[in-house]
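The structure under discussion appears below in the form of structure tokens.
What follows draws every value from the coordinates through simple rules; no lab data is involved. Computed from a prediction, not measured in an experiment: that's the story for all the values here. For neighbour counting, all protein chains shown are included, and Cβ atoms are generated from backbone atoms with ideal geometry for every residue, glycine included.
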Amino acid sequence: MHDIRSIRDNPAAFDAGMARRGVEPLSSRILELDQERRSCQTQAQELQARRNEASKLIGAYKKDGKDAQPLLDEVAAIKEKMPQLEEREKELGAELDRILASYPNIPAPDVPDGKDEHDNVEIRRIGIPTEIAGARQHFELGEALGLMSFDLAAKLSGARFTVLRGQLARLERALGDFMLDIHTTEYGYEEVSPPLLVKDDAAFGTGQLPKFTEDLFQTTNGFWLIPTAEVPLTNLVNDAILDGEELPLRLTARTPCFRSEAGSAGRDTRGMIRQHQFYKVEMVSITRPDQSAAEHERMTDAAETVLKRLGLPFRTVTLCSGDMGFTAQKTYDIEVWLPGQGAYREISSCSNCGDFQARRMKARFRAKGEKATQFVHTLNGSGTAVGRCLIAVLENYQQADGSILIPEALRPYMGGLERIAAHG
RNA sequence: GGAGAGGUGGCGGAGUGGUCGAACGCGUCGGUCUCGAAAACCGAAGUACCCGCAAGGGUACCGUGGGUUCGAAUCCCACCCUCUCCGCCA
């Protein structure tokens, strides 16, 4: 959601920001609507003020036995005019809100310009890509172990689902636990167990609605299945006025995520890279504006720490203006090395949304000693996608005999197990 | 699912047609008092929007949306939500 006042103050900056997203200039249209809307509002308010005044007088006149008829006539005339103005104002307001809510966030100044993922900028590379002769992909490994089945999942649910069992099911659980422990004990995130079904308001607040309904699953009675814990975690502060001293607020959750994956037909069809349902550990930070840039780095560091501890090679890229998500001002993607694919694949995405979501949610704070409220900044990041992390462990720790070595850091979470092998 | 009760400011809780943006209490903030604190006393304090350089003025909001009325927190209708009891259930 864009701020109409900042567009009023600097329409050129707004258009320039949109241009970086590949959006045509639209400030003049917005300002026209805004101008007319405010004019209607002012007129309606003046009439209303007069009506309130007259109504009071009518009461007084009647009490004193004076003739109130002229006032009654005046009010009747006002009642003719008002509905038109109010109706018009409502229409214009709705149209304005629709526009302000349907264009993406403006990229931060330090975000590289570009069209798509080819223009993203690598900022660091940690670890050396594992070289494994004849490296196999995760689904080959998992199926050979007899602990990962796409056939069984298809029988139950169709394409884009996976059944994990035995030590692979446990590995998934262990990874999530491991990640949560890092974020809660080392980075100060509070663990949350949120609803997985949310109402329209929540989905609007974080930007899934109204534009991206086709990406979501909806229940027959209108709930949306969360596509990420970002939705419930961020909306925890909707319509709130927080104490500036309490920020940043840091929240984390491991939840299933549900995505329809409409429009991704044919992409990543093998294996469990792209699923309708997957676990993800999500981090959300609610900050003051002056804190959000540093918090963004900190959050990204938390996600990277997970991969470092697991000994997984990765690189971090800054997304270019054309590749960022709808709500983001700036985004770091972390891409983990998958030897089986011989490629870096996204495993985390950490975004600073500025006040874009806060304005939709009406999430504000009051700075110490100040009377006025300001919108908070919101950040969200995967820390990390559990399913994809499991894939990364399988591919990076695969042994020639098809077994999987378990990273040291994970062994306490696996009851001391060192290796996953068939029949193991 | 059945029956009942209820949704008012940070909280509790008055208020059934007109000076009600809303009594009162608690909590919060500022001050007086005090060596300091407590108590007591005095005072301040909702959110959003519009007009205005400003000072200031105005409008809306008492779950949501409609309606009645010159005038609605108060009356009418619909919806949503919460709580209690019963049933069912992880």
Could you tell me whether A:T331 is in contact with a helix residue (DSSP H, G or I) (Cβ under 8 Å, 6 or more places away or on another chain) and within 20 Å of A:T228 (Cβ to Cβ)? no
With (1) touching a Lys or Arg at 6+ places or on another chain (Cβ under 8 Å); (2) not in a loop (DSSP other than H, G, I, E, B) as the list, and A:L390 as the residue in question, which single condition is left unmet? (1)
Filtering segment A:74-94 down to residues that are closer than 30 Å to A:L209 by Cα and surrounded by 15 or more Cβ atoms within 10 Å (Cβ to Cβ), which residue is farthest from RNA strand B (Cβ to nearest atom)? A:R88
Counted residues, segment A:1-49 - those being within 16 Å of RNA strand B (Cβ to nearest atom), more than 26 Å from the chain's Cα centre (by Cα) and either surrounded by fewer than 14 Cβ atoms within 10 Å (Cβ to Cβ) or at positive phi (or both): 8
Across segment A:155-180, what is the total count of residues that are free of Cβ contacts under 8 Å to residues at least 24 places away in the same chain and of a type in the set (V, I, T)? 1
Does segment A:101-112 include one or more residues that are within 16 Å of RNA strand B (Cβ to nearest atom), part of a helix (DSSP H, G or I) and not hydroxyl-bearing (S, T, Y)? yes
